Structures are given as C-alpha cells and as structure tokens.
Amino acid sequence: MLFASKLPDVGTTIFTVMSRRALEEGALNIGQGFPDYPLDPRLAEYVTEAITAGHNQYAPMEGVVELRTRIAAKLYGSYGVNFDPLAEITITCGGTEAIFDAIQAVVGAGEEAIIFDPSYDVYDPAIRLAGGRTLRIPLQPPHFRYDWDEIKRAISPRTRLLIINNPHNPTCTVASRADLDALAALVRDLPITILSDEVYEHVVFDGRQHASVLAHEELRQRSFVVFSFGKTLHATGWRTGYCVAPAALTRELRKVHQFNTFSIVAPLQHAIARYVATAPESWLGLSAFFAAKRDLFTGLVRGSGFEPLPAAGTYFQLVDYGALSQDSDIDFADALIRDAKIATIPLSPFYAQPPRMTLLRVCLAKRDETLHTAALRLRQYSTRLLER
Ligand SMILES: Cc1ncc(COP(=O)(O)O)c(C=O)c1O
C-alpha cells in the first residue's frame, strides 16, 4: 500500500448499508431519512423559472443575497433576532457541508471536540480529518439526557468545540432552555465554540417551542448554528443548507467553504428565496404534519412488541423490540429486512460504545399508506415471532 488511510475504521454508513440491503431483499425502506412523497410543485416551477431566467452561472461564494435576506427575515420570525445576511449567514451544500466547514474552521491538530452519542455520522470523521480528537459522551437510553457533571469532566484545556444536535436525531429528544443555560454556564470564560446542529428546528411536538441557540443571547455569540432546506422543504436531494454565526466565526467558516464547495447551485438558491418569501405555511405547518404521522404510526404499532418511545421532535421515531428478542439491533434489523421486508436503522452504530439496548429508528417522512404497510408488516412479524 502506497498510502495510509486517514480514516481506517470508517466504512460505508449504516444508512447506505441498510438501504442497500433493503434493495437486495425488496424490503420497504422506512429507515433512511428521506420523504417518499412529492415536494410542493411551486418549488419545481420556481427552479425551472430560475434556470430559464439565466441563473445558471456561479452563485456568490457566500450565497445568493436574496436568499440570505429571506433567511434573515425567517430567522427573525422564528427567534426574534436580527442577523446580518451579508456577514452572518452562509449558504452551504446541505447542513452537512456547514458542519464540516465549521469543524475545520475551529478544530486544529491535537485539539479536542466533544460530541454526544448517539451522534450524527459526520461529526467524528470531520473532527479527525481536522487533526482533532473526538470525545464521545454517551447519552443513555431511554431518556438520553445530558449529564452536565460528566460533560464538565470531559472538558480540558485542549477543548475547542462542543457539538449539540437539537432536535436530536436519532433519539427524537429536544433540548430545553435550561439545557442551553447549563451549557452556557459550562463554557463561560473558556475558549470553546459551540456547533448547534438544528436541521430539525421546525419539527417539535406537543406544543413545545424549539430552544434554538440563536435565541440564547449568550450562546449565540460563540456558536455556529446549522440548518437544512433539505429537511424543511422535504427536498433532501437539493443539498441546500446554511450556517448562521457571528461575523468573526462566519469569516473563518467561509475560508473553508470557499475551497470546499465554493458556492451552491444557483437556480436552487433563487427558487428557495422565492419560496421562503411566499410560503411560510410550509415550515409553520411541519410540526403538525409530522405529529400526525407520529401518532398514526405509533398508534398502529403500539402493543405489537415494537414499542414506540416518546418522541418530542424530528421526523424519526424509535421503537423498542425488547419484548420480542434480545438479539443485537444490527442482527435484528437484518432479520427484519430479510423476513419482514422492512428496513429500519439500528441505533448502536451511532455510538462508539453502545449501551445494551434493543432500539430501531424509523423515519416518519413517509406517505400514510407507507406507514400503514410498514406497521402491518411489523405486527405480522411480531405475531410470527411470538408464535414460535
Ligand atoms: C442531525 C442531522 N444533522 C445534519 C444532517 C444533514 O443535513 P443535510 O441533508 O442538509 O446535509 C442530517 C441529515 O440527515 C441530520 O439528521
């Protein structure tokens, strides 16, 4: 071998593995997080019009100004805070690029970043590619609460970054304002930047309000906050997201963004700007839209042996199969694909050191009929297991 891998332990993500297995076995894929219903036809019209109008060359590196201005207005509507679209908002290739750029911008060789498991799969490899070291703090099922004493013990003079994800994928929990206060107290006077991954900002259930870092005066001064139009517009393939951060942090993020993707698909930015200006109902209705899907799915599977855990946000749902089997979640998920023709995502690959648990993640961003079919197959499979 002429080179040494920089990420020798990284294989194909669990999402790709399970989706590939679903294809091989002809299984219904309710694991990976993407909608199976069409997007608002206005979005498609706006893209066509943007292309016809000639928006086909490089967009500005920071993002189309019209889109950033619309985002600033949207943020004011959501969080009551004014952000400078020119100095504090950057359009990125999905939330993923924003996360990657933010990490490269602040974590240096030998420095540390704290993340919480189960963690989104981008965080740790991006920290290590920056030359940093990841400290992974496991959140324990079934409540997945932050243990602030444990977090305090994990902080060292080398800690540069702490990443939170709220609402949280895959646990479906949400952080409270008290959590943000505890975090602010912990990092006060320390040289630690916060990266707050809030791609599910608009999906919080049962009357809750999303506690954004942007609405927290103290924290937002030291934070990158990441959002995704893929999630908000049911268009994960559009790969359009953005990062909001104070001007000094934004300058550093853009130094990475400029040489990473440089700029994002121009006609999509124009189309999204127009849509954001005219269709606020699309995001204001998201919580109710997904709460109805959560209630439908959990109502259909409750009592079947696939017990739903309480879900406070995101478009995912955890189910506990512990009453049916004590097999590992990876083995059980594979058996489900093979024998029940249902693909889910096991939880343990989101941990460095998974606790003992029997949890699978299901995606609720599916047509009602898909959720009906999935729930029926799960019920039939559990009947077969219980009859054995
Ligand atoms: C927690 C979390 N962060 C970030 C992302 C990435 O968002 P995007 O698809 O916009 O890159 C996802 C997508 O699944 C996610 O679940």
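The values are calculated or read from the model by the stated rules, or taken from the named source; none is laboratory data. Note that the coordinates shown come from a computational prediction; the quantities given were computed from them, not determined experimentally. With ideal geometry, Cβ positions are generated from the backbone for all residues, glycine too; neighbour counts draw on all protein chains shown. Heavy atoms of the whole protein, side chains included, go into the accessibility calculation; ligands, DNA and RNA do not. Shrake-Rupley method; radii C 1.70, N 1.55, O 1.52, S 1.80 Å.
Quick notes on this structure:
- Residues satisfying the stated conditions in the stretch 304-326, i.e. within 20 Å of Glu369 (Cα to Cα) and over 26 Å from the mean Cα position of the chain (by Cα): Ser304
- Residue list for the stretch 189-210, restricted to those being of a type in the set (A, V, I, L, M) and either in a helix (DSSP H, G or I) or surrounded by fewer than 20 Cβ atoms within 10 Å (Cβ to Cβ) (or both): Leu190, Ile192
- Between Leu190, Leu129, Leu195, Leu139, the distinction of being touching a strand residue (DSSP E or B) at 6+ places or on another chain (Cβ under 9 Å) and more than 15 Å from the ligand (Cβ to nearest atom) belongs to Leu190 only.
- From the list Ala235, Ala211, the one residue that fits, being under 23 Å from Gln317 (Cα atoms), among the aliphatic types (A, V, I, L, M) and either modelled with pLDDT under 95 or within 10 Å of the ligand (Cβ to nearest atom) (or both), is Ala235.
- Residue list for the stretch 304-340, restricted to those being under 18 Å from Pro142 (Cα atoms), away from the ligand (no atom under 16 Å from the Cβ) and small (Gly, Ala, Ser): Gly305, Gly322, Ala323, Ser325, Ser328
- Looking only at residues in the stretch 162-221 that are basic (Lys, Arg) and in contact with a Ser or Thr (Cβ under 9 Å, 6 or more places away or on another chain), the one that is farthest from Ser282 (Cα to Cα) is Arg220.
- Residues located in the stretch 41-62, provided they are surrounded by 14 or more Cβ atoms within 10 Å (Cβ to Cβ), part of a loop (DSSP other than H, G, I, E, B) and over 28 Å from the mean Cα position of the chain (by Cα): His55
- Residues in the stretch 234-281 that are among the small types (Gly, Ala, Ser), assigned to a loop (DSSP other than H, G, I, E, B) and open to solvent by 10 Å² or more (accessible area, probe 1.4 Å): 1 in all.
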